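Step one of this worksheet: look at the structure below.
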């Protein structure tokens, strides 16, 4: 699987038309302790840059955006009981949703892991 | 009159530190053309003169007569300790408990208040209050609208007409359809109501006891709401809840209501207390402040404002409500009241209020030209009808020193001769007897 | 400390309920009754008094602590205000009386207060008519935005946008969104005022209203305010003044004269009614003549015989409260206005600004001041220098609690990093402020010398720092036993 990142710090792992998404370790660090994830509904159709869900910490609520145009095929319901998974394992166990990509071309506009690392460095 | 402690010498010293020549200098950012002229207000006065003036105005309000006026706002007994305790500086002159370590008093009291509301309603969680019963109902319906993403509201016209007005104001101009179902006598028109619920319905809205005082079991209506995917939202009189089936037992998702009866004086309309409670599935959707229990680093129990990420100061235009200040002190008063009355006493208040109402119903029901309009059981108020316009009757009773209730003609068609009359544990038997006599005499004389 | 429920003893009775003088009537049908009684506390009256007296001591309050919580105006609340609201004619007056002719007679004194209050507040704000229905500031904002919506609707215009500066209170965008508007945020310029270039760009025919706080939440008086209002008017938009900070200009300038169309006032800020730990407040909404028909609820007028009457407003946005809002709070505010008078209110405003500038001057060498200019009733510092050492605004707040001072507002306005927003109010003496200044300086030096020391604070309060994350993750919002 190839992993890509957005400027808003979402990651997406792509294999053909299926993908899995979440938010990056950097994003999680900025948010602090995550207390709640308002998960999307399975079957929801997302256009690139739509709000997928909202992630809450004690003093913030942040929107998470769709990296690509896609349909939600599964959500990580274990986050309901254990939102801390997002802090502990943001890019593995803390995934948010599985997607079926509608327009694979969207991926082309995203950053590779290396590019994203540079991007994060540039944020200081 | 001024509460500022500054002496001239201190002012001079402060100006030196600031580096300004004079106090007016500090206002130099205000452009000259915006400077206010002379205020059209008198100069200040001492407490003595001001209280003298206010005492006169107070005397010009004839409160304290025999009153059977209710309609959602009741003259219940308020123990002296409610005032004494709620007026203590720590409660009265503190702010919203943002800094938990120096606000544990308010926070623990609110946690206890939320618990009391949950125990009354049988629901899973409550917030720390909203403004009043009407805005609580509007907030409750907004919760349902957010949750269902639907835009139709089916509301029983037996819900307090003032609350229905508030709901209309909150939802106007945003594409919501508010369908009011006219009553069948003094009760909900079941058949029509259930028929009106469909796949677009966000919320069905009911009041128990309803505005006419009628008590009902709405389990069938909440079931109909749920099978259509709608939420059941209700407004419940807390004193009646001491006896009646709880909102949870009747299947409501969201319970709201006016907490004025729990230790708040009538005070010409406010400050009162709106409560909102909900099932666990709706808790993150609640508006306003919520207090939660947690621990400090040494494991000591303490309380904090929690789920703040729903609120306006964090989420701004995407907040669950715009509410900031609520009715905190009123919530604390309600908790103090419920503690003083207690598990047993609170039921006594409810039973006594109902029994006084039953007594009055029996007494005036015997007057030949009077008809009691409620056909179902009532709690502490009911509707009676005479052959005369309600205002004529109320006017006559007023001359005998009795405020005999609310004329319903202004709120409901076909109720022009109907009066809504209410009782609490404070309604004296001798006053009820006097009223019944005066009413009978008046109606007989008019014949 | 134990909860009242944990102190409860089955069978123990509280206060006596009025004696029964009618017989027991048959119970309601059993299918209408709850299965078991609500498990309320079973405690004696004295148990209750002890419990709440103990709780009360766990709060900081203005009566016992300096409480410089910016934007909240924690000034002394004269004790006489409580006596005023508790006068029996006001306290015991049933609001439904106002719905009948005979009831109006019974309510004359209360209606006179509302009538006089409207006149007084109009003269202070430069607005024409007022509705007392809104029960808090945010409720007043909602009323104001509803009025703007109704105004445009009557003119057949579909305007969907409300502009707010990035310094605005969170309630401004929240109130706008609740009324169905889209919110567009305007950034501030380097002076802490709304960026006029950005404002011009965003101001177009879709804008329904522009909401401004005056002075703004940085404690700065926007010198372009008249131009802001003028440009909005040209674009057909209404201007709304969030009056939360009216105490900074009372008697000095009137928002109505600057061109604002609508505003609200906070009785619990400007007019010294107690905050009660977060309400009840009152947030009357004030408008210019041409918008008065839209005000929520009814108007109080004087008829030819000098009687006070209630008049429906023809195009009212509707009802936002059952009657005249938080009347008891309005009585307190009215008493305060009479006590202060025009002279006293102006004096209070001057002293509030004097005190804030004094604290600003005394602390500006110790904390970063993001906007270096004269302030009004509050000053906003940044703890960003301290944060570099690992001491954040929150840590300084906890340090202050340990020293018996309520912290300033922190992390607001959002555009100032590590914001510390200090509003001393006019009723504080120089001794108290000097003590506060000394403690703030100590915090700054401790941040240099021993930043780690802050992490354990507070230690002098009844509890230490709370685990807020755990509170939000594992919700415990009611006692269950």
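Scanning segment B:76-121 for residues that are closer than 20 Å to residue B:239 by Cβ and at the interface with chain C (Cβ under 7 Å from one of its Cβ atoms) yields B:77, B:79, B:81, B:112, B:114, B:115, B:116, B:118, B:119, B:120. Within segment C:341-354, can you find the residues that are on the phi < 0 side of the Ramachandran plot and within 8 Å of chain B (Cβ to nearest Cβ)? Once the filter is applied, which keeps residues that are on the phi < 0 side of the Ramachandran plot and within 8 Å of chain B (Cβ to nearest Cβ), segment C:341-354 yields C:342, C:343, C:344, C:345, C:346, C:347, C:348, C:350, C:351, C:353, C:354.
What number of residues within segment B:164-189 are assigned to a helix (DSSP H, G or I) and either closer than 18 Å to residue B:236 by Cβ or modelled with pLDDT under 95 (or both)? Going through segment B:164-189 one residue at a time, the tally reaches 3.
Look at (1) more than 9 Å from chain C (Cβ to nearest Cβ); (2) in contact (Cβ under 8 Å) with a residue 40 or more places away in the chain; (3) crowded, with 24+ Cβ neighbours inside 10 Å and you find that residue B:384 fails only one, number (2). Taking the condition more than 9 Å from chain C (Cβ to nearest Cβ) and in a helix (DSSP H, G or I), does residue B:284 pass? Judged against the criteria, residue B:284 is not a match.
Here is the figure for segment B:298-310: residues that are modelled with pLDDT under 90 and facing chain C (nearest Cβ under 8 Å) total 1. Given the structure, is residue B:277 touching a strand residue (DSSP E or B) at 6+ places or on another chain (Cβ under 9 Å), under 17 Å from residue B:321 (Cβ atoms) and part of a strand (DSSP E or B)? For residue B:277, the condition - touching a strand residue (DSSP E or B) at 6+ places or on another chain (Cβ under 9 Å), under 17 Å from residue B:321 (Cβ atoms) and part of a strand (DSSP E or B) - is met.
Counting residues in segment C:149-159 that are within 23 Å of residue B:162 (Cα to Cα), in contact with a strand residue (DSSP E or B) (Cβ under 8 Å, 6 or more places away or on another chain) and not in a loop (DSSP other than H, G, I, E, B) gives one or more.
Can you tell me which residue within segment C:102-129, out of those that are more than 18 Å from residue C:336 (Cα to Cα) and more than 9 Å from chain B (Cβ to nearest Cβ), is modelled with the lowest pLDDT? It comes out as C:104. State yes or no: is residue B:103 buried (at least 24 other Cβ atoms within 10 Å of the Cβ) and over 28 Å from residue B:170 (Cβ atoms)? For residue B:103, the condition - buried (at least 24 other Cβ atoms within 10 Å of the Cβ) and over 28 Å from residue B:170 (Cβ atoms) - is met.
The numbered conditions (1) within 14 Å of another protein chain (Cβ to nearest Cβ); (2) over 23 Å from residue B:310 (Cα atoms) are all true for residue A:4 except (1). Of everything in segment C:24-34 that is part of a loop (DSSP other than H, G, I, E, B) and at pLDDT 95 or above, the residue that is surrounded by the most Cβ atoms within 10 Å (Cβ to Cβ) is C:34. Inclusion of residue C:424 among residues that are in contact with a helix residue (DSSP H, G or I) (Cβ under 9 Å, 6 or more places away or on another chain), closer than 30 Å to residue B:41 by Cα and assigned to a loop (DSSP other than H, G, I, E, B) is warranted.
Residues that are touching a strand residue (DSSP E or B) at 6+ places or on another chain (Cβ under 9 Å) and either surrounded by fewer than 24 Cβ atoms within 10 Å (Cβ to Cβ) or at the interface with another protein chain (Cβ under 10 Å from one of its Cβ atoms) (or both) number at least 3 in the following helices (runs of 4 or more DSSP H) confined to segment C:185-282: C:196-202, C:225-234, C:255-258.
Quick grid of which residues meet (1) over 28 Å from the mean Cα position of the chain (by Cα); (2) modelled with pLDDT under 95:
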{"residue": "B:40", "(1), (2)": "yes, yes"}
{"residue": "B:48", "(1), (2)": "yes, no"}
{"residue": "B:57", "(1), (2)": "no, no"}
{"residue": "B:76", "(1), (2)": "no, no"}
{"residue": "B:91", "(1), (2)": "no, no"}
{"residue": "B:95", "(1), (2)": "no, no"}
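The residues of segment B:287-302 that are surrounded by 15 or more Cβ atoms within 10 Å (Cβ to Cβ) and more than 28 Å from residue B:138 (Cβ to Cβ), listed by number, are B:293, B:294, B:295, B:296, B:301, B:302. Scanning segment C:370-384 for residues that are surrounded by fewer than 24 Cβ atoms within 10 Å (Cβ to Cβ), more than 14 Å from residue B:27 (Cα to Cα) and without any contact (Cβ under 8 Å) to a residue 60 or more places away in the chain yields C:372, C:382, C:384. Taking the condition modelled with pLDDT under 95, within 7 Å of chain C (Cβ to nearest Cβ) and in contact with a helix residue (DSSP H, G or I) (Cβ under 7 Å, 6 or more places away or on another chain), does residue B:63 pass? Yes, satisfied. Filtering B:213, B:134, B:125 for residues that are touching a strand residue (DSSP E or B) at 6+ places or on another chain (Cβ under 8 Å), within 20 Å of residue B:73 (Cα to Cα) and within 9 Å of chain C (Cβ to nearest Cβ) leaves a single hit, B:134. Taking segment C:314-336 as the range and being surrounded by fewer than 23 Cβ atoms within 10 Å (Cβ to Cβ), at pLDDT 95 or above and more than 7 Å from chain B (Cβ to nearest Cβ) as the test, only C:315 passes.
Going through (1) touching a strand residue (DSSP E or B) at 6+ places or on another chain (Cβ under 7 Å); (2) in contact (Cβ under 8 Å) with a residue 40 or more places away in the chain; (3) within 21 Å of residue C:353 (Cβ to Cβ) one by one, residue C:295 falls short only on (3).
The set of residues in segment C:285-333 that are under 19 Å from the mean Cα position of the chain (by Cα) and assigned to a helix (DSSP H, G or I) comprises C:327, C:328, C:329, C:330, C:331, C:332, C:333.
A residue that is in contact (Cβ under 8 Å) with a residue 12 or more places away in the chain and assigned to a helix (DSSP H, G or I) can be found somewhere in segment C:361-369. Considering only segment C:63-94, state which residues are more than 30 Å from residue C:350 (Cα to Cα), facing another protein chain (nearest Cβ under 7 Å) and either at pLDDT below 95 or part of a loop (DSSP other than H, G, I, E, B) (or both). Hits for segment C:63-94 are C:87, C:92, C:93, C:94. Within segment C:41-62, if we keep just the residues that are assigned to a loop (DSSP other than H, G, I, E, B) and touching a residue at least 12 places away in the same chain (Cβ under 8 Å), the residue that is farthest from the other protein chains (Cβ to nearest Cβ) turns out to be C:44. Is it the case, given these coordinates, that residue C:180 is outside any helix (DSSP H, G or I), without any contact (Cβ under 8 Å) to a residue 40 or more places away in the chain and at the interface with another protein chain (Cβ under 9 Å from one of its Cβ atoms)? It is true that residue C:180 is outside any helix (DSSP H, G or I), without any contact (Cβ under 8 Å) to a residue 40 or more places away in the chain and at the interface with another protein chain (Cβ under 9 Å from one of its Cβ atoms).
Filtered by the rule that a residue be surrounded by fewer than 17 Cβ atoms within 10 Å (Cβ to Cβ) and either in contact with a helix residue (DSSP H, G or I) (Cβ under 8 Å, 6 or more places away or on another chain) or part of a strand (DSSP E or B) (or both), segment A:33-45 gives a lone residue, A:45.
The values are calculated or read from the model by the stated rules, or taken from the named source; none is laboratory data. Just so you know, these numbers come straight off a predicted model, no measurement behind them. For neighbour counting, all protein chains shown are included, and Cβ atoms are generated from backbone atoms with ideal geometry for every residue, glycine included.
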